[in-house]
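Structure first, then comments.
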Amino acid sequence: MQADRATQRAITRLCIQCGLFLLQHGAESALVEELSTRLGLALGMDSVESAISSNAIVLTTIKDGECLTSTRKNTDRGINMHVVTEVQHIVIMAEHKLLDYKDVEKTIRANQAAALSALATGFHGRPLLRLLLQT
């Protein structure tokens, strides 16, 4: 039971990270909702529900009658459709059972680091990249 709860917590965190990452990089709210829901279902949740605004996401996963809700504030990072297509690719791989939730977590983290690296390069440099990766 405790392991199931920890797994649900990890999957909820991944779904909201996925949605937030998409929203930060210019995806439409319908796409954000669709992909975060598809990811949760692909990783074994019974249901995923979300509320999305321009400055925040609220997401709930339901597994075996247990609800877990998370909220994240959005900070706009500009439009980057490469990031959006990478997240779509991750969701498709999870749906085809090529990635489990631990693999999804690693892949999303790598994509976030790459996006931050590109942002830091635009601002000239390694010092900013180090600062961004510490958060």
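To keep it simple, each residue is scored yes or no on (1) surrounded by 15 or more Cβ atoms within 10 Å (Cβ to Cβ); (2) among the hydrophobic types (A, V, I, L, M, F, W, C).
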position	(1), (2)
Ser53	no, no
Ile57	yes, yes
Asp64	no, no
Thr69	no, no
Asp76	no, no
Ile79	no, yes
Glu86	yes, no
His96	no, no
Identify, please: which residue in the stretch 1-33 is assigned to a helix (DSSP H, G or I) and out of contact with any helix residue (DSSP H, G or I) (no Cβ under 9 Å at 6 or more places or on another chain) and is, among those, surrounded by the most Cβ atoms within 10 Å (Cβ to Cβ)?
Gln8
Search the stretch 68-96 for residues that are closer than 21 Å to Gly26 by Cβ and in contact (Cβ under 8 Å) with a residue 12 or more places away in the chain and pair each with any residue that is aromatic (Phe, Trp, Tyr) and crowded, with 18+ Cβ neighbours inside 10 Å when their beta-carbon atoms are under 8 Å apart and the residues are at least 6 apart or on different chains.
Val83/Phe21; Val87/Phe21
On the given criteria, is Ser29 in contact with a strand residue (DSSP E or B) (Cβ under 7 Å, 6 or more places away or on another chain) and farther than 15 Å from Asp100 by Cα?
yes
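Bear in mind these aren't lab numbers, they're just calculated from the coordinates by the rules spelled out. Owing to the predicted nature of the structure, the values given are computational and were not obtained by experimental measurement. In this analysis, Cβ positions are derived from the backbone assuming ideal geometry, glycine residues included, and neighbour counts consider all displayed protein chains.
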